[in-house]
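One structure is given here, and the rest of the page talks about it.
The values are calculated or read from the model by the stated rules, or taken from the named source; none is laboratory data. Computed from a prediction, not measured in an experiment: that's the story for all the values here. Note that each Cβ is placed from the backbone with ideal geometry, even for glycine, and that neighbours are counted across all protein chains shown.
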Amino acid sequence: MKLSGKEIERFEENRTKNYLRALDIIYNSQKILGLSDEICERACDILEKEIFKDITKMEEIPYKNRQPKTLASAAIYLATVEYGDAIPQKKIGKVTGASENAISTSFNEMATSQGVF
């Protein structure tokens, strides 16, 4: 069953706001975590692809209950994994305020969606 028009409308209202918050978290975490510009750019690219998916044909809203700090953390972790320089999820969570469990769950979803695993 496809999403209702009301569900899509609510999602659209928050999509850009959540994206901008998550971007801010990525850039604020860059120096603290020692992220290179390339990793930071890749994390932002991952985040953009995940947040701005076409949801009109989906059965559920992706990352519906995820906070921007969790999405940013998962994107950072995925980018570091792709570059072969993985930073522990626990360390990322301490900087961003996201729980290790939430990062892990979102990372698995993003990695699958991005074709990493």
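Give me a count of the residues in segment 93-117 that are over 13 Å from Ala22 (Cβ atoms) and among the β-branched types (Val, Ile, Thr).
The qualifying residues number 4.
Of all residues in segment 22-32, which are free of Cβ contacts under 8 Å to residues at least 60 places away in the same chain, surrounded by 15 or more Cβ atoms within 10 Å (Cβ to Cβ) and under 14 Å from the mean Cα position of the chain (by Cα)? Steps first, please.
Taking segment 22-32 and keeping what is free of Cβ contacts under 8 Å to residues at least 60 places away in the same chain, we get 22-24, 26-28, 30-31.
The next check asks that each one be surrounded by 15 or more Cβ atoms within 10 Å (Cβ to Cβ); those that pass are 22-23, 26, 30.
Hits for segment 22-32 are Ala22, Leu23, Ile26.
Among the numbered criteria (1) crowded, with 21+ Cβ neighbours inside 10 Å; (2) at pLDDT 90 or above; (3) in a helix (DSSP H, G or I), which single criterion is violated by Leu35?
Leu35 satisfies every listed condition except (3).
Just give me the residues in segment 92-104 being more than 14 Å from Ala72 (Cβ to Cβ) and of a type outside the set (Gly, Ala, Ser), in sequence order. Give the steps one after another, and end with the answer.
Step one: list which residues in segment 92-104 are more than 14 Å from Ala72 (Cβ to Cβ), which gives 100-101, 104.
Matches in segment 92-104: Glu100, Asn101.
Pull out all pairs, ordered by first then second residue, where Cβ-Cβ is under 9 Å, the residues are six or more apart or on different chains, the first lies in segment 66-84 and is in contact (Cβ under 8 Å) with a residue 60 or more places away in the chain and on the phi < 0 side of the Ramachandran plot, and the second is among the hydroxyl-bearing types (Ser, Thr, Tyr) and surrounded by fewer than 24 Cβ atoms within 10 Å (Cβ to Cβ).
Sorted first by the residue in segment 66-84, then by its partner, the list stays empty.
Can you tell me which condition Leu47 does not meet? The list is (1) exposed (fewer than 14 other Cβ atoms within 10 Å of the Cβ); (2) modelled with pLDDT under 95, and all the others hold.
Single failed check for Leu47: (1).
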